[in-house]
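Trainee: Dropping the structure in here first, questions after.
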Amino acid sequence: MKLWLALVAGGLLLGGAGASLQAEDMGAARQAMARAAEYRASGDNRAARIELMNAIKAAPGLVEPRLAQARVFLTLFDADGAQAELERALELGADRVLVRAPMADALVQQGRAEDAIRWLGEGPVADADRGYAARTLGRAHLVLGQFDEARAAFDRALQYTPDDSLLWTD
């Protein structure tokens, strides 16, 4: 009888209960990501970082919270943390198109401008990241003292994102 109860309990843990736990984890991850988006929209990147850590803990195989966490790390000037999250996202199957612009930004923040230029030169970026990528390319060229290339990249960034206030500080 005790053996049978142990087997039933183990079956529930491995079967039905385990599957529902996994579904709850995905739900918890999505909820944490939604809260993180709200915090980011209000400018509270530290709170967003915590919510994204919760999302990653709830669903470690999910790519989206890692991509979002990398961007939050970049706003907090944690380029090493951003790079680690982006590398993990790639390991989990993230499309390089989505990773390219933030990875280049992380490399520029680390003082690795040539590596950033190589990353951006590998291929396309997400449509929403075109201005960001061009601005990052401009910053990389500035670091290398390539002022004409930097100016051209910043001009291109202005075409994609004319209202980006960060362009006026770069």
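The values are calculated or read from the model by the stated rules, or taken from the named source; none is laboratory data. What you are looking at is a predicted structure, and each value in this text was computed from that prediction instead of being measured. Cβ sites come from the backbone with ideal geometry, for glycine too, and all protein chains shown count toward neighbours. Note: areas computed on protein heavy atoms with side chains; ligands, DNA, RNA excluded. Shrake-Rupley method; radii C 1.70, N 1.55, O 1.52, S 1.80 Å.
Trainee: Does residue 73 fit the bill of being among the aromatic types (Phe, Trp, Tyr), under 23 Å from residue 136 (Cβ atoms) and buried (at least 23 other Cβ atoms within 10 Å of the Cβ)? Even if it seems obvious, please write down each step before you answer.
Mentor: On the way: among the aromatic types (Phe, Trp, Tyr): yes; under 23 Å from residue 136 (Cβ atoms): yes; buried (at least 23 other Cβ atoms within 10 Å of the Cβ): yes.
So residue 73 passes the test.
Trainee: Exactly one condition in (1) at pLDDT 50 or above; (2) surrounded by 11 or more Cβ atoms within 10 Å (Cβ to Cβ) is not met by residue 43; state its number.
Mentor: With respect to (1) at pLDDT 50 or above; (2) surrounded by 11 or more Cβ atoms within 10 Å (Cβ to Cβ), residue 43 is out only on (2).
Trainee: Go over the candidates 81, 111 one by one and state the one that is at positive phi and open to solvent by less than 60 Å² (accessible area, probe 1.4 Å).
Mentor: Matching residue, one of 81, 111: 111.
Trainee: Return a yes/no flag: does the stretch 127-138 have any residue that is open to solvent by 30 Å² or more (accessible area, probe 1.4 Å) and more than 21 Å from residue 97 (Cα to Cα).
Mentor: No, the conditions are met nowhere in the stretch 127-138.
Trainee: Sticking with this one: Of the residues 48, 55, which is aliphatic (A, V, I, L, M) and either outside any helix (DSSP H, G or I) or more than 24 Å from residue 104 (Cα to Cα) (or both)?
Mentor: 55
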